[in-house]
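**Student:** Pasting a structure below so you can have a look.
No lab work stands behind these numbers, since they all come straight from the coordinates. Just so we're clear, the structure is a prediction, and the values are computed from it rather than from any experiment. Positions of Cβ are generated from backbone atoms using ideal geometry, with glycine treated the same way; all protein chains shown enter the neighbour counts.
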Amino acid sequence: MEQRLDSTRLPNGTTVAYATAGTGPPLLFIGGWLSHLELSWALPAERRLFEGLAQGRTVLRYDRPGCGLSDRAGAVRASLESELDNLDAVVTAAGLDRYDVMGSSLGVPIAIEWAARHATEVDHLVLYGGWARGVDIAPAPVREHVVGLVRSHWGLGADVLTDIFAPEASTGTRSALADYQRQASSAATAADLLTLCYRVDVTGSLATVRAPTLVVHREHDRAAPLDQARLVADGIPAATLRILPGRSHLPYVGDVDALLTVIRDFLGLPALRGTAAPHLTARQGQVAALVTRGLTNREIGVRLGIDERSAEGHIERIRIRLGVRSRAQIAAWWVATNS
């Protein structure tokens, strides 16, 4: 499955990148605090989630300003209203009028507020691993410590948050995720968005959500308390709460198939068809490993005893086989699958 990249602009001129994948009625995905459309598509675990959602839906994702492929400079201080402005620009650019919405982590309160304000547009609402009141996520000293760590030591902060978000991930996936977070945004942007996670409060909008809603939460989520899922499900009229086993906060770590089954059933989609993971030949694996080390085509050729054009051809075939566009994506895939 391929993803298609596009972009739009906010009224202040800031570029917002978005991507679509799959076919069928639109499903607007509102992700957590950080994202990178290209690197996430290269991570096998995350891509598995999006491809699972995109069998029967056209999944629309975006990078908020300051993150991923969107403008890094000129991003305004993150707030609930700025997040809604980003959504409005993407929905308008994509020409959506009726669609399903899925929010994950920080995307949950944003999705709740969006659905409350756009009741005639949202058909179904899926809320995974989120909250309605950020101050309840953790005690004040913990919140201050984590934000301060991210702001002052982004490398260490990314490692710590990866441990919290994905305790069930493989070593390779954890390594790739920590690097992915650092590439997705600057320390200042990450701290700003983490602060929004703790400050957002949409409890006053829960009762005004009219779309049929599925609230899904892993029982021992280490980043978002289960009590918040119960608060959300109790507050939205006729919402359904499904609690799944597991400790990971990220939706694509842990038992992803169980999560996809619950979501697809709620959306009226059939069971997933099996898909084979991409596999590289031995030579392609050698080339991918050298790409990950930062070698140029010429250096790869010298190392493997082939000419530069042959190295370039191997890289192009790797891109096609993995369904990615850049060397950074090849590196992210290699780290996640070979560490």
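**Student:** Applying 1/(1 + (r/R0)^6) with R0 = 41 Å to the Cβ-Cβ distance of residue 1 and residue 175, what FRET efficiency is obtained, to the nearest 0.05?
**Tutor:** Numbers: r = 25 Å, r/R0 = 0.61.
Efficiency, rounded to the nearest 0.05: 0.95.
**Student:** Apply 1/(1 + (r/R0)^6) to the Cβ-Cβ distance of residue 238 and residue 163, taking R0 = 35 Å, and write down the FRET efficiency to the nearest 0.05.
**Tutor:** So, using R0 = 35 Å, E works out to roughly 0.45.
**Student:** With θ taken as phi - 60° and the coefficients 6.51, -1.76 and 1.60, list the Karplus ³J(HN,Hα) couplings across region 286-299 in order, rounded to whole Hz; mark glycine and proline as x.
**Tutor:** 4, 5, 4, 5, 6, 4, 4, 7, x, 6, 7, 4, 5, 5
**Student:** Additional query: Please go through region 1-58 and write out the trypsin sites (Lys or Arg not before Pro) that DSSP classes as loop and that have at most 10 other C-beta atoms within 10 Å.
**Tutor:** Working: sites: 4, 9, 47, 48, 57; in loops: 57.
Sparse-neighbourhood loop trypsin sites (Lys or Arg not before Pro): none present.
**Student:** Turning to a different aspect of this structure: Length gain on complete extension for the stretch residue 72 to residue 296, per 0.36 nm per residue less the alpha carbon to alpha carbon distance? Don't skip to the end; give the middle numbers.
**Tutor:** Numbers: separation 224, 0.36 × 224 = 80.64 nm, distance 2.65 nm.
In short, 78.0 nm is gained.
**Student:** Continuing with this model, one more query. Report the label-to-label distance for residue 321 and residue 97 in nanometres (one decimal), using points 7 Å from each Cα along the Cα→Cβ vector.
**Tutor:** 4.5 nm
**Student:** In degrees, nearest 10, range 0 to 90: what is the angle between the Cα axis of helix 44-53 and the longest Cα principal axis of the chain?
**Tutor:** 50 degrees
**Student:** Once phi is turned into θ = phi - 60°, what whole-Hz ³J(HN,Hα) does the Karplus curve with 6.51, -1.76 and 1.60 give for every residue of region 257-262, x standing for Gly and Pro?
**Tutor:** Couplings: 4, 5, 5, 5, 4, 5 Hz.
**Student:** Something else: For residue 123, list long-range residues whose amide hydrogen, built 1.01 Å from N in the peptide plane, is under 5 Å from its own amide hydrogen.
**Tutor:** Result for residue 123 returns 99, 100, 101.
**Student:** Right, next: For a test of the definition: using alpha carbon positions, the gyration tensor, and the 1.5 limit on a/c, classify region 1-157 as rounded, prolate or oblate. Spell out each step's value before the answer.
**Tutor:** Values: a/c = 1.45, a/b = 1.38, b/c = 1.05.
The shape class here is rounded.
**Student:** While we're on this one: Give the angle, between 0 and 90 degrees and rounded to the nearest 10, that separates the Cα long axis of helix 171-184 from the longest principal axis of the Cα atoms of the chain.
**Tutor:** 80 degrees
**Student:** Step through the residues of region 111-121 one at a time and calculate ³J(HN,Hα) from phi using the Karplus curve (6.51 cos²θ - 1.76 cosθ + 1.60, θ = phi - 60°), rounding each to whole Hz and writing x for Gly and Pro.
**Tutor:** 5, 4, 5, 4, 5, 5, 8, 10, 4, 7, 9
**Student:** In degrees from 0 to 90, rounded to the nearest 10, what is the angle of the helix 154-165 Cα long axis to the longest principal axis of the chain?
**Tutor:** 60 degrees
**Student:** Still on this structure, please answer the following. Region 1-80 to region 81-150: how many Å between their Cα centroids?
**Tutor:** Cα centroid of region 1-80 versus Cα centroid of region 81-150: 14 Å apart.
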